[in-house]
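Right, one structure below, let's go through it.
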Amino acid sequence: MPTYHTLLRLEKLFPFSLSICLSECQRPNTLNSQVVMMSGEEALTQQQPPEQEGKPDEPSPAASEAPEESASTPAAAEETPLSYRALVLTGHGGYEKVKLQVKTQTRPQLLAGDVLVRVKACGLNFSELLGRQGLYELLPAPPVIMGMEGSGVIEAVGEGVKDREVGDRVIVLSRNGMWQEAVVVSANLTFAMPEQMSFEEGAALPVNYVTAYMMLFEMANVRPGKSVLIHMAAGGVGVAVTQLCQTVPDVTVFGTASATKHETIAQGGVTHPIDYRTKDYVEEIRKISPKGVDIVLDPLGGSDTQKGFGLLKPLGTLVVFGAANCVTGQKKNLLAMAKTWYNQLSLTALKLMQANKSVCGFHLGYITDEELIRTTMVKLLELYEQGKIKPRIDSCYHFEEVTDAMRRMQERQNIGKVILLPEAKTEEVKSKSNPEPVEKVEQTEAAVNEKEEEATEEVKAEG
Ligand SMILES: NC(=O)c1ccc[n+]([C@@H]2O[C@H](COP(=O)([O-])OP(=O)(O)OC[C@H]3O[C@@H](n4cnc5c(N)ncnc54)[C@H](OP(=O)(O)O)[C@@H]3O)[C@@H](O)[C@H]2O)c1
């Protein structure tokens, strides 16, 4: 019998309202919720379908076998105990703060306009590294389930849902709450997946590509013949920016990334890969383009924002969209934060006028116009179907491997998107190696810090 999965309802949070997902204890129809916290190995065994608790005449809870039936018999479904896996941020700090939990609860009833999505893949974003450290202001206090995007199959629909059916493959964009096996969301937060799109690609698309699209086309107005500098060019947003630049003729892309990734990003469309770790990227760009660039997309913050502004040609545009420089290790680094804050670009309107440059800020989490997101997603899905964009999947990790997933991103090894898979890792899958072997990049300050922190924690745990 299949495991019966489900769901915390992601409240009507799109477009990213501040109230996020309700914990199950807040659900009016939730009874006797049990939480079992466990390692991945334990999860494999313990997440077997719960024994039929009482009610011998209860219908089989095999939603995946007979989804239509289960959707059309809400009363029976409500009585069925549910067991589902979720990655819960239990506090701010290092990797160990994200724990796999298996929860059991009664099945909530779908409200009008809602759908139940069985999640097949979720995206890992840099914001979740920030969130784990307590640096992402839109994430509610722990315990909370992170995850802004995912893909899956609709398992049940509430009243009044017209354009979604049980069995539809959908992408879900949310503020958080996606790192669990099933979610209840408003149907408006779902986007039909093209037939040829994999679940991994679906989960990799929304945050990175909506961000890249809005910055390039809405804010910076990229046009033929322009030049663009993107930092973190081998990351999720970086790959999306590079691909979208190629939809416009004759755009030159400068991209900073660790040297081991240059061949791959050059193949992907970065015209000039630059190793920011061994070279001064401003000098490198000036050697190639003495006048600078037309567009700088800055996810780093601090002194890099100043450098980006300096690199702009007259009439150029700087878009600030992140503060990755604040992240130097597993845990919050107050010194790095202070340094980033102290070095940030500070301008007067008069200086801006005299410089003939534009400075914009972009934050997807603060976009409250649902229609803006929807129209952008429609355009992106068209581009996907035309073969003009395709998310690059770096690696996939099962929920029990979330530490490895976060480490891969934080130790700067990923090229493209890191994906989390809710489904338990089977013995068969375990025998296959997970990510493509990537040449270990030179050990960074961050990696060194993390090793030290881990060692300290181990000692603490023993003591
Ligand atoms: N404002 C928004 O709405 C929005 C939305 C999405 C993302 N973002 C921002 O965009 C940036 C990229 O996000 P993403 O999710 O696509 O992540 P990502 O680029 O996949 O992040 C990992 C890569 O970034 C590079 N990197 C640079 N500085 C780093 C640091 N301090 N720590 C770890 N890695 C670092 C590393 O590659 P290399 O060493 O090869 O460069 C690493 O492999 C982040 O700053 C994120 O906050 C903002």
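For this structure, a couple of remarks:
- Given (1) modelled with pLDDT of 95 or more; (2) touching a helix residue (DSSP H, G or I) at 6+ places or on another chain (Cβ under 7 Å), index of the condition TYR366 fails: (2)
- The lone exception for PRO273 - which of (1) touching a residue at least 60 places away in the same chain (Cβ under 8 Å); (2) assigned to a strand (DSSP E or B); (3) in contact with a His (Cβ under 8 Å, 6 or more places away or on another chain); (4) not polar (S, T, N, Q) it fails: (1)
- The residues in region 283-302 that are surrounded by fewer than 17 Cβ atoms within 10 Å (Cβ to Cβ) and of a type in the set (Val, Ile, Thr) can be counted, and the count is 1.
- Of the residues screened, ASP294 is not one that is among the acidic types (Asp, Glu) and within 13 Å of the ligand (Cβ to nearest atom).
- Check on THR305, within 13 Å of the ligand (Cβ to nearest atom) and surrounded by 22 or more Cβ atoms within 10 Å (Cβ to Cβ): yes
- Taking the criterion of being surrounded by 24 or more Cβ atoms within 10 Å (Cβ to Cβ) and in contact with a strand residue (DSSP E or B) (Cβ under 9 Å, 6 or more places away or on another chain), the residues of region 208-229 that qualify are ASN208, ALA212, MET215, LEU216, SER227, VAL228, LEU229.
- Of all residues making up region 137-165, the number that are surrounded by 18 or more Cβ atoms within 10 Å (Cβ to Cβ) and within 11 Å of the ligand (Cβ to nearest atom): 2
- In region 308-325, the residue that is nearest to the ligand (Cβ to nearest atom) out of those that are among the hydrophobic types (A, V, I, L, M, F, W, C) and touching a strand residue (DSSP E or B) at 6+ places or on another chain (Cβ under 8 Å) is PHE321.
- Test result for GLN133, within 16 Å of the ligand (Cβ to nearest atom), at pLDDT 95 or above and under 25 Å from the mean Cα position of the chain (by Cα): yes
- Among the residues of region 398-416, those identified as in contact (Cβ under 8 Å) with a residue 60 or more places away in the chain and within 14 Å of the ligand (Cβ to nearest atom) are ALA405, MET406, ARG407, MET409, GLN410, ARG412, ASN414, ILE415, GLY416.
- Any hit, region 340-350, residues being in a loop (DSSP other than H, G, I, E, B), within 13 Å of the ligand (Cβ to nearest atom) and buried (at least 17 other Cβ atoms within 10 Å of the Cβ): no
- Within region 283-335, the residues that satisfy the criterion of being polar (S, T, N, Q) and assigned to a helix (DSSP H, G or I) are SER303, THR305, GLN306, ASN325.
- Put simply, of THR252, THR247, THR190, THR264 the only residue that is within 13 Å of the ligand (Cβ to nearest atom) and either modelled with pLDDT of 95 or more or crowded, with 24+ Cβ neighbours inside 10 Å (or both) is THR264.
- Flag for GLN105 being part of a strand (DSSP E or B), among the polar types (S, T, N, Q) and closer than 19 Å to THR80 by Cβ: yes
- Filter pass, VAL210 being within 13 Å of the ligand (Cβ to nearest atom), β-branched (Val, Ile, Thr) and within 21 Å of GLN410 (Cα to Cα): no
- Members of region 361-396 that are more than 12 Å from the ligand (Cβ to nearest atom), outside any helix (DSSP H, G or I) and either small (Gly, Ala, Ser) or without any contact (Cβ under 8 Å) to a residue 60 or more places away in the chain (or both): GLN386, GLY387
- Residue in region 168-183 that is in contact (Cβ under 8 Å) with a residue 12 or more places away in the chain, part of a helix (DSSP H, G or I) and surrounded by fewer than 20 Cβ atoms within 10 Å (Cβ to Cβ) present: no
The values are calculated or read from the model by the stated rules, or taken from the named source; none is laboratory data. Every value quoted in this text rests on a predicted model; they were computed, and no experiment measured them. Counting neighbours? That spans all protein chains shown, and the Cβs are built from the backbone with ideal geometry, glycine included.
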